[in-house]
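Report on the structure given below.
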Amino acid sequence: MPDLFAPLRPEMESIRDGVVLLAGFADSGTLLPYIRTLTTEAPFRHMVTPGGRQMRVAMSNCGPLGWVSEPTGYRYAPTDPLSGKPWPAMPAVFRDLAARAAACAGFGIFEPDACLINRYETGTSLSPHQDMDEADKNWPIVSVSIGVSAMFQLYGNIRGGTPLNIPLHDGDILVFGGPARLAFHGVRKLAPAQHALTGSRRFNLTFRRAR
Ligand code: MD6
Ligand code: FE
């Protein structure tokens, strides 16, 4: 039974200065086969933080650069440390989607050179952090949610305080930039749920301009 109340077109919501939510902007049915192919080439892995802990979110990358966490620190690398080979190319549909989302959200031209692919299982959370490893913080970050819904927690530019809770559903895109570019943010533990295309999982694509 089709959802008679599904929006006819995506909606844009300004969350706060520098944070725009484009609800239902992405089509996960189009993106998921790419994620499957990319992560066959560069498999999901649980990276180790400089603090020595294994991340609960499984990660991979595509594009000229990939974000990696290692005991020695965080960095953007042109090659996958697991294989020594370049990360798989960023599909044109990914790059175009990110560029359209940034433009729609009012951030102008966006040319990402890195796409981090995150995978959450039931119970997986992402601790509050800032995205600090990109050279030029004037570029926004475009974040695409796929599959099971999650609660995104948006803090201020200093650690702590009470977060703004933003539910992110399948197809939602969050664009993050300007005065919010260095805001702390995290993702609450993924609740048990089922999505027709991803089962109990959530995927997230975060597009960045690293260099
Ligand atoms: C996630 N997202 O939604 C994790 N970072 O699974 C992020 O860490 C993130 O959504 C920077 C900008 C937007 C984001
Ligand atoms: Fe982040």
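Residues Tyr76, Tyr120, ranked from the fewest to the most other C-beta atoms within 10 Å, line up as Tyr76, Tyr120. At q = 0.10 Å⁻¹ the log10 of I(q)/I(0) for the chain amounts to -0.39, computed by Debye summation with a single uniform scatterer per C-alpha, solvent ignored. Residues considered: Thr198, Thr72, Thr39. Largest GNM mean-square fluctuation over the chain, using C-alpha springs under 10 Å, is found at Thr72. Using a cutoff of 8 angstrom between alpha carbon atoms and counting only pairs six or more residues apart, the relative contact order for the chain works out to 25 percent.
Inter-label distance, Cys104 to Met55: 2.6 nm, where each label sits 7 Å from its Cα along the C-beta direction. Between Ala102, Ala58, Ala135, the residue with the greatest mean-square fluctuation in the GNM of the chain (Cα pairs under 10 Å linked by springs) is Ala135. Each helix, a run of at least 4 DSSP H residues, gives -39500 (n - 2.57); summed and divided by the residues of the chain, these come to -4000 deg cm²/dmol at 222 nm. A Förster radius of 41 Å combined with the Cβ-Cβ distance from Glu13 to Glu41 puts the calculated FRET efficiency at roughly 0.70. Note on Phe207, Phe184: ascending count of other Cβ atoms within 10 Å places them as Phe184, Phe207, the fewest first. Expressed to the nearest 5 percent, the antiparallel share of DSSP beta bridges inside segment 1-155 is 95 percent.
For segment 46-77, trypsin sites (Lys or Arg not before Pro) are listed when DSSP marks them as loop and at most 13 other Cβ atoms sit within 10 Å of their Cβ; the list is Arg53. The charge dipole of segment 87-135, taken about the Cα centre with unit charges on the Cβ atoms of Lys, Arg (+1) and Asp, Glu (-1), comes to about 200 debye, rounded to the nearest 20. About its Cα centre, the dipole of segment 64-200 is roughly 260 debye, where the only charges are +1 on Lys and Arg Cβ and -1 on Asp and Glu Cβ. Sorting the segments 42-51, 105-114 by their mean number of nearby beta carbons within 10 angstrom, highest to lowest, gives 105-114, 42-51. Among Thr124, Thr162, Thr79, the largest mean-square fluctuation in a Gaussian network model of the chain (Cα springs under 10 Å) belongs to Thr162. Rounded to whole numbers, the Karplus 3J(HN,Hα) couplings from phi for segment 95-104 are 4, 5, 4, 5, 5, 5, 5, 4, 5, 4 Hz, using 6.51 cos²θ - 1.76 cosθ + 1.60 with θ = phi - 60°, and x at Gly and Pro.
Just so you know, all these numbers are worked out from the coordinates, no wet-lab data involved. The structure presented is a predicted model; accordingly, all values stated were derived computationally and were not measured. Because the Cβ atoms are built from the backbone with ideal geometry, glycine has one as well, and the counts that use them run over all protein chains shown.
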